[in-house]
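Inspection log for the structure reproduced underneath, given as structure tokens.
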Amino acid sequence: MATNVSDMSLYSSNSSSTDQQSVENLSVHCLDFDDLVLGFEETKRNIYDLSDATALHVQDANSNKGHSKRHGNSGKSKSHHDKTDLEKQLLEGARRKVRKTQKRDKTRLHSGTSSRSRLRSSEDDDVSAASSSEVVLLREQLTALSSELVSLRTSIAVKTANGTTNGCHDGLQDAEDLGDFIVGSEQQSGLSAVNGKAENTASIVKRKENKIDLEDLIHLYGPLTEDSILKTLQHRWNKGCCYTKIGPILLSLNPYKGTPIENALHHGGENHPYLLNVVKDAVRLQTETGCSQAIVLSGESGSGKTYSSLLLLRQLFDVAGGGPGTDAFKHVSAAVTVLRSLGTAKTVHNSESSRMGYYTEVHVTEGVIFRTKIHCYFVDETRVIQTSPHEKGYHIFYHMLSGLSQDERVKLHLQGYSSHNLKYLNHLLNVDVDEDCQKFQVWKSSLQILGIPFSDVMRILAAIMLLGNIEFVESDGLELDIKGNNEIKAVAALLGVSGVSLYRGLTTRTRNMRGQIFKSPCDAPTANTTRDNLARALYCRTVSAITRKANSLRRPGSNSGHSSSSDDVHHSGENQNFKHPSPATSKLSVNQSSSASTHCGGLGDGIISIVDMFGFENTQNNQFEQLCSNLCSETLQHYYNIHVFKSTQECCRDEGIPCEVDLDYQDNTPVIELISAPLTGIFHYLDKESANMESKSTCASFVQNIGAQHSTHDRFFIPEERSTYNFGIVHYVSSVVYSSSNMVERNRDIVGDDIINIFQRQNCNFGFATHLFTSELKEQNKNGGIPKGNYHRILPSPSSYSDTVSGNGEGRRTFSQDFQSRLDNLLKTLMHAKPHFVLCIRPNYQEAPSIFDLNVVRKQIRALQILETVHLMAGGYPHKMRFRSFNHRYKFLSRHKRLRRSEEKAIEDTKAILDSFLKALDDSKMPYTSTNWAMGKRHIFLSEGARQSLEHLRYQKREEAATVIQSHVRKLACLKNWPSLKRTLEQKLRIRTQNHEQLMSRRSPMYQEIERSRKRVIENESCDIKTIQQTCYLYGLDMDSPPPLPSSRSYTVTGNMKMGFPQCRVMKHSFPEGSGEKILRKGELVQVTGVSPRRGHLMIEHKDNTLHVPYQLTEIKALPR
């Protein structure tokens, strides 16, 4: 039998007031866990029954829709008769629990953690306080209950939209409000219970309207779920706000609008207050503690990491570098512009994808920037010679082809070439010529700022593009044929070598067989591979040379500080004999991470770094570059997990603090070990396949080896289609299938010494090209200056260990080894810095500014573990401070006499400060938040709400103190300057009095009579001076002068007529008045030409002269016709 769901609603309109009162009483006494846990379990079972009944009702309602219409009255009677044993059972159970809780003693105290409601329990004896573990369990029960209600309401609302029923939707909407109310009240540390009453319905409605308009997710009301976070982010996105805080962590959505990324450094400092706060916090902490600071950006490719990093760098210069007008900023801006064009390309999902990772070090001393260094992590070398469909090569090639003048094209042998006939560039995509031309001119001027010769760089880039049009094919003879004779001649001219030597270097191979040197011609595939390796080497070494030149600028007197940490820390592990990096170095030690704050240099000297590394990628054809990029992304996520989650848990456990939040975060250590373990990792087997240059190692054998080793690993899999070249890894974002078709060759990352030998000084007249291979050429000169059949790295590692290898490949570092080493050294640097995290999210894959794709955002929220972060920040203890440091920072929140100020009494001082903190919270008008803390053995642990409240009160106290100090300083300065100021004021008063007297002396007798009358009125004792002042103020009059006369008019009024000028008037009196010669006599006819600038006067023409005559001396007379 179907039941009417509208009548089964738990909080129906018929009993809303009684039920609401019962619910409020239940929320007041919800801290009594022992009695309520059974009630919650019973309620859950009843909710499931309600859900089943609802489904049945919806089915019957759809099938019997017409029947219900014909028999509506009987259906109502029947539903009323069957009304809700469930409702009665729930309400009676709730009332029974309330009666029991009212009779019980509510004074249970907990000796561990402290909160606002617990410390006030001594003042309110009738307030119950549960233990921390009980509160946690109760919170979980309440959250689960509310989630069930919301889920039920959502499922039924979908069916209601089809026209079945509306009653259940309304009832469950009330249930959702109730769930938000109960959990919100519990999260606010039982404020309603302390006051002895629950919030009323109006406050609940008001809070529900504002609960998604929050700038900090730790203040979310109701259950903390993915849906609530998504709703908040979407609401802020629709309002145009792309930034949301999670305590000290900033969440940034890529807006895909606003300032273009190429102008972010110049015009992007405005309208980003959240990023500015991150920079200010970093500069403040670095100045106060001397510890290095690191701003770490993480997220998928296309989430806006590079854009945010440029904004952060600009704001860092605004705060501590003197602004964009300084030479240092102009130099850094030029370096970033040049490197971005060299390292940015278009991919399928990101039109501005950074194919290089950037670690920017900003050296600061005493709050002032004195040096900036940029470290580049180059992975995608293959994009120089090959691009996937619907993608482009590096931007600089397209900018160059669009921006070069005709004369420059002729000098670079590029006349007639475009992106459509250069094989290294993708010719299937359109190019915006005008935009690329404008960007190239900016890039050209940036090169000049860095002091890098423009022509040298252009010759290298032009040679790289033309190399792609050279193709070697087999011939009938011993030597290979060339397709592209003009191109090889142009490349040889651009590189400053002869065409013959270039041909020999590309097609000849030297071998060392038991000490004997043999030269032999190559086959066509080997020669084409050598050509591609030369192009990659030229490009990568050019980028490296530009980076070194950009980092060479240093302000005078910049030897102080931690300048040695830039290179030494990054490559300190590479100065010794190389050994495989252990994953233990990539898995940060918790003790090392937690002690990072104690690793400080000189006070005020340090580094503020911005980490913008590779974003996670999952393309249709994932290669070796994607594997390295995803390993970097996994490592940074592991660093985030260690710093945010694991260190918090272990520090609380070490000091005996029970953690109230069960952090179920995803540990990605197995993935890192799967890829980079010394003896069993994927890179280890890849290095073994890459070691012997003469062996015929295949990618199929590589996949077979790692498949046999990791067949039982839960993060490794072989795709179902089971290609011999493919394998898969379950990353923290998603599962990725990699193709190993070219992994061995790309991991070798080599170029033969035959082609490098052509750049010897005696053979090459292009100094910049010779400079790119300086170290390799020096080594060849030690052996007589001839090739020995050795191989060199395409991009040499910055270590002292030789990258040269003999033909058998022994002793050579592979690309993966060098990449892991640099990644581990980066983490060693970050380990000694205080991190500031910026989590970047892309709202859609279309790069559209108006689309918020819930599925795309939800996937990234899960990958970045934002929900777990919000749980920790809202209910855990993510912050810790030593007692002495806490007392030093917040000491003025308490009275000076109450503090002992000694090491032995530090805990007592901390308690005194916290006591004053609670009283200040009660007196302040701050919105109430959960302010939990716990006292450990050596530290005090704070929740994010407590930290924010402490900082807010500290700011208020400092501002009040600053105001008082400023007022006293101004008072002292005023008293000191009062004698001279008094003389100045008296002098101004005398001058004003004299001017007033002179003005009154020049006025007519009428005004003088008015002034005398005013003085007589004022001197009269019966006159109220205050009334006169109020009247003058009301009508805007000045007591020292008569009211102003109206402005002059260009006409006069006679009767009801306006008469313009000229006019004919008759003199009523002679002019001028008094004794003396009369110019105009009484009765004389005069002609008036207009109104005089003197008030009350007319201009009269008389004997070719203009006289200013008072209008009272004349009368109007019509002009003769």
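The values are calculated or read from the model by the stated rules, or taken from the named source; none is laboratory data. On a predicted model such as this, the values are computed, not experimentally measured, just so you know. Note that we place each Cβ from the backbone using ideal geometry, even for glycine, and neighbour counts take in every protein chain shown. These accessible areas exclude ligands, DNA and RNA; they are computed on the full protein's heavy atoms, side chains included. Shrake-Rupley method; radii C 1.70, N 1.55, O 1.52, S 1.80 Å.
Among the candidates 431, 442, 457, the residue that is modelled with pLDDT under 90 and under 24 Å from residue 263 (Cβ atoms) is uniquely 431.
Every residue, every condition in (1) out of contact with any Ser or Thr (no Cβ under 7 Å at 6 or more places or on another chain); (2) open to solvent by 10 Å² or more (accessible area, probe 1.4 Å); (3) among the small types (Gly, Ala, Ser); (4) modelled with pLDDT of 90 or more, yes or no:
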residue: 639; (1), (2), (3), (4): yes, no, no, yes
residue: 646; (1), (2), (3), (4): yes, yes, no, no
residue: 649; (1), (2), (3), (4): yes, yes, no, no
residue: 655; (1), (2), (3), (4): yes, yes, no, no
residue: 670; (1), (2), (3), (4): yes, yes, no, yes
residue: 673; (1), (2), (3), (4): yes, yes, no, yes
residue: 680; (1), (2), (3), (4): yes, yes, no, yes
residue: 689; (1), (2), (3), (4): no, yes, no, no
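Here residue 407 passes the criteria (1) part of a loop (DSSP other than H, G, I, E, B); (2) open to solvent by 20 Å² or more (accessible area, probe 1.4 Å); (3) among the acidic types (Asp, Glu) except the one numbered (1).
Residues that are hydroxyl-bearing (Ser, Thr, Tyr), farther than 23 Å from residue 771 by Cβ, in contact with a Ser or Thr (Cβ under 9 Å, 6 or more places away or on another chain) and surrounded by fewer than 20 Cβ atoms within 10 Å (Cβ to Cβ): does the stretch 485-507 have at least one? Among the residues of the stretch 485-507, not one is hydroxyl-bearing (Ser, Thr, Tyr), farther than 23 Å from residue 771 by Cβ, in contact with a Ser or Thr (Cβ under 9 Å, 6 or more places away or on another chain) and surrounded by fewer than 20 Cβ atoms within 10 Å (Cβ to Cβ), which makes the answer no. Would you say residue 657 is in contact (Cβ under 8 Å) with a residue 12 or more places away in the chain and more than 23 Å from residue 716 (Cβ to Cβ)? Judged against the criteria, residue 657 is a match.
Within the stretch 359-366, none of the residues are open to solvent by 20 Å² or more (accessible area, probe 1.4 Å), over 17 Å from residue 608 (Cα atoms) and either part of a strand (DSSP E or B) or in contact (Cβ under 8 Å) with a residue 60 or more places away in the chain (or both). For the stretch 718-731, the condition holds for at least one residue, the condition being that it is modelled with pLDDT under 90, more than 30 Å from residue 511 (Cβ to Cβ) and among the acidic types (Asp, Glu). Could you tell me whether any residue of the stretch 319-336 is crowded, with 21+ Cβ neighbours inside 10 Å, modelled with pLDDT of 90 or more, of a type in the set (S, T, N, Q) and not in a strand (DSSP E or B)? The answer is no; no qualifying residue exists. State yes or no: is residue 1001 at pLDDT 85 or above and of a type in the set (Ser, Thr, Tyr)? In short, no. The strands (runs of 3 or more DSSP E) found entirely in the stretch 449-548 that carry 2 or more residues being out of contact with any helix residue (DSSP H, G or I) (no Cβ under 9 Å at 6 or more places or on another chain) and of a type in the set (S, T, N, Q) are 516-521.
Among residues of the stretch 1095-1111 being at pLDDT below 85 and under 21 Å from residue 1054 (Cα atoms), the one that is surrounded by the fewest Cβ atoms within 10 Å (Cβ to Cβ) is 1095. Taking residues in the stretch 254-268 that are under 20 Å from residue 440 (Cβ atoms), and partners anywhere that are basic (Lys, Arg), the pairs with Cβ atoms closer than 6 Å and at least 6 places apart or on different chains are 265/314. Counting only residues that are assigned to a helix (DSSP H, G or I) and either surrounded by fewer than 24 Cβ atoms within 10 Å (Cβ to Cβ) or basic (Lys, Arg) (or both), the stretch 282-305 holds 7 of them.
Okay, residues lined up against (1) assigned to a helix (DSSP H, G or I); (2) open to solvent by 90 Å² or more (accessible area, probe 1.4 Å); (3) small (Gly, Ala, Ser):
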| position | (1), (2), (3) |
| --- | --- |
| 911 | yes, yes, no |
| 921 | yes, no, no |
| 945 | yes, no, yes |
| 951 | yes, no, no |
| 958 | yes, yes, no |
| 967 | yes, no, yes |
| 984 | yes, no, no |
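Residues in the stretch 726-765 that are of a type outside the set (Gly, Ala, Ser), in contact (Cβ under 8 Å) with a residue 60 or more places away in the chain, open to solvent by 10 Å² or more (accessible area, probe 1.4 Å) and part of a loop (DSSP other than H, G, I, E, B): 732, 733, 742, 763, 764, 765.
For the stretch 224-263, a residue qualifies if it is outside any loop (DSSP other than H, G, I, E, B) and within 13 Å of the chain's Cα centre (by Cα), and the qualifying residues are 243, 244, 245, 246, 249, 250, 251, 252, 253. Only a single criterion out of (1) closer than 25 Å to residue 383 by Cα; (2) open to solvent by less than 60 Å² (accessible area, probe 1.4 Å) is not satisfied by residue 525, namely (2). Within the stretch 833-862, residues that are aromatic (Phe, Trp, Tyr) reach partners that are open to solvent by 70 Å² or more (accessible area, probe 1.4 Å) with beta carbons closer than 8 Å, at six or more positions or on different chains, in the pairs 845/349; 852/238.
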